[in-house]
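Written out below as structure tokens is the structure these notes cover.
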Amino acid sequence: MAFINKIFMGGSNPQPTKGHFFCSSICFELVQKNSLSITREINDGQYIWEIEILERCQYIVARCKNPLPIDKIRIRGNDVCQEFLDYLSVEYSINYEVKPSSNFNIILYKNNSKFQLNLISEVNFEFQTSLTIRCFDENGNEIQNNTPKLEKIEEFIRYYRKSNLSKDVYTAYKELYLSFELMLQKINPKKDEQSEINWLKESLRIIKSRISLSDSINNIITEQYYNIRLKLFHSKDDKILPGSISERAIKEAYPKLMDLWINIATNYLKIHIGGGGLMNAAFLDYMDSTFGQSFLIKTSNDNTPPSSSDTTITPKNMKLINFKKNHYQHDPKSTNKILISGSLTKLDYCDIDNIFRIGYFNQEDILFFQIYIDGGLYLDGIDIFQVEIYLGYINANAPRLNF
């Protein structure tokens with residue numbers, strides 16, 4: 001029986017209290033620890049799920065007795081967890097949310113006759129750059145910076161600022177699109193009798209007559225207006241609910257909209273946009289040199305909370321186990337992420353009771369980063385344990401693109 005903290009997830013052994021077997025489950029990390037313990041059944045229309053939170057625990061688990069494909073567990077498990085949190089908001093006036101920044105989840109599923117547990121998380125490293133340019137004439141006199149200053153603060157910049165301050169991509173996209181629309185209104189005021197879609201096409205054609213766009217007007221309108229904007233701003237029919245799996249489409253569209261916004265602001269409206277930072281190619285080269293040749297993934301049953309000064313994942317000198325079948329690759333779904341994975345069988349981890357820390361070491365065996373599982377992960381009844389960590393970066397002095 002697999003547990004996260006003290007919440008049952010499933011596996012080849014039955015639930016201790018009721019004796020039920022659960023073949024599928026998913027766990028998410030919440031922003032804050034729970035203040036109460038509740039278990040509730042939810043019927044998704046096809047399967048019955050049991051959702052549980054535990055007092056002083058920061059996880060929510062949805063489990064199902066049916067053996068489901070991993071993608072169905074991810075989608076339906078997420079939906080019933082969000083529905084459960086909606087129920088808590090109304091019934092108990094308690095508002096919890098799944099932590100968006102780490103994209104952390106643990107999925108249990110039956111792979112043929114074996115039970116497999118996958119831990120999936122995202123780690124974003126923050127980089128900050130600083131550059132000062134001083135120019136001098138032939139006589140050695142310093143030339144003052146002639147960077148054009150913004151004479152008037154346009155209204156659309158307010159929405160741009162709010163987008164950069166948003167904690168979730170759902171809100172960030174809404175704010176940025178409002179800024180984008182207001183920017184287009186400044187360039188090409190919408191006529192009273194003009195439909196929104198015709199005005200949008202006309203505005204982009206005007207812009208494209210003076211500057212280059214990274215995509216065709218039709219693609220921009222399809223990806224941004226039809227696929228995202230309409231579904232976010234209207235909730236009657238086809239919609240994207242906050243916290244749903246469909247939010248992934250927003251995460252893919254948001255960087256493209258930001259690039260379009262910056263392109264128009266800088267090249268068409270001649271607004272100087274400050275900032276800068278690491279480029280995708282530089283980050284990938286850095287990751288290649290750190291993990292591309294060889295690396296180690298280690299786990300420990302040491303429950304000591306992690307510290308930024310750690311050089312080991314077991315300060316108490318407890319048991320240390322190396323993952324097998326480690327794999328490194330550039331994430332095929334992203335231009336600025338890499339994927340590091342590894343796995344263990346029950347023969348590998350049979351000597352430890354709980355997993356608390358997972359550490360990633362470079363080819364010199366130096367700890368690069370680690371993941372801490374509060375309350376531990378108990379793997380009894382699990383045949384294969386796999387970790388998949390997506391590494392990305394955030395430029396501290398540039399618009400945020402990763403959520």
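Scan 316, 333, 325 and give me the residue that is surrounded by fewer than 16 Cβ atoms within 10 Å (Cβ to Cβ), part of a strand (DSSP E or B) and of a type outside the set (Phe, Trp, Tyr).
325
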*asked:* Out of everything in the stretch 340-353 that is modelled with pLDDT of 90 or more and crowded, with 18+ Cβ neighbours inside 10 Å, what residue ends up being farthest from the chain's Cα centre (by Cα)?
replied: 344
*asked:* Just to be sure before I move on: is residue 26 assigned to a strand (DSSP E or B), outside the structural domain of residue 246 (by TED's automatic domain parsing), touching a Gly at 6+ places or on another chain (Cβ under 6 Å) and closer than 28 Å to residue 394 by Cα in the structure I sent?
replied: yes
*Contacts under 8 angstrom Cβ, first residue in the stretch 253-275 being on the phi > 0 side of the Ramachandran plot, partner part of a loop (DSSP other than H, G, I, E, B), 6 or more apart*: 270/148; 275/397; 275/398; 275/399
*Show the residue pairs that are 6+ apart or on different chains and have beta-carbon atoms under 8 Å apart, the first residue being within the stretch 44-65 and under 21 Å from residue 110 (Cβ atoms), the second being among the aliphatic types (A, V, I, L, M) and at pLDDT below 95.*
none
*Does residue 250 satisfy being in contact (Cβ under 8 Å) with a residue 12 or more places away in the chain, more than 30 Å from residue 344 (Cα to Cα), surrounded by 13 or more Cβ atoms within 10 Å (Cβ to Cβ) and not hydroxyl-bearing (Ser, Thr, Tyr)?*
yes
_Scan the stretch 371-388 and tell me whether some residue there is modelled with pLDDT under 85, among the small types (Gly, Ala, Ser) and not in a strand (DSSP E or B)._
no
*Name the one entry in 381, 359 that is small (Gly, Ala, Ser), buried (at least 19 other Cβ atoms within 10 Å of the Cβ), on the phi < 0 side of the Ramachandran plot and assigned by TED's automatic domain parsing to the domain that holds residue 292.*
359
*asked:* Which condition from (1) surrounded by 15 or more Cβ atoms within 10 Å (Cβ to Cβ); (2) among the hydroxyl-bearing types (Ser, Thr, Tyr); (3) over 24 Å from residue 115 (Cβ atoms); (4) free of Cβ contacts under 8 Å to residues at least 40 places away in the same chain is the one that residue 37 breaks?
replied: (1)
*Output yes when any residue across the stretch 355-363 is out of contact with any helix residue (DSSP H, G or I) (no Cβ under 6 Å at 6 or more places or on another chain), not in a strand (DSSP E or B) and not polar (S, T, N, Q), and no when none is.*
no
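The values are calculated or read from the model by the stated rules, or taken from the named source; none is laboratory data. For clarity, every value in this text was computed on a predicted model and none was experimentally measured. Here Cβ is always computed from backbone atoms with ideal geometry, including for glycine, and neighbour counts include all displayed protein chains.
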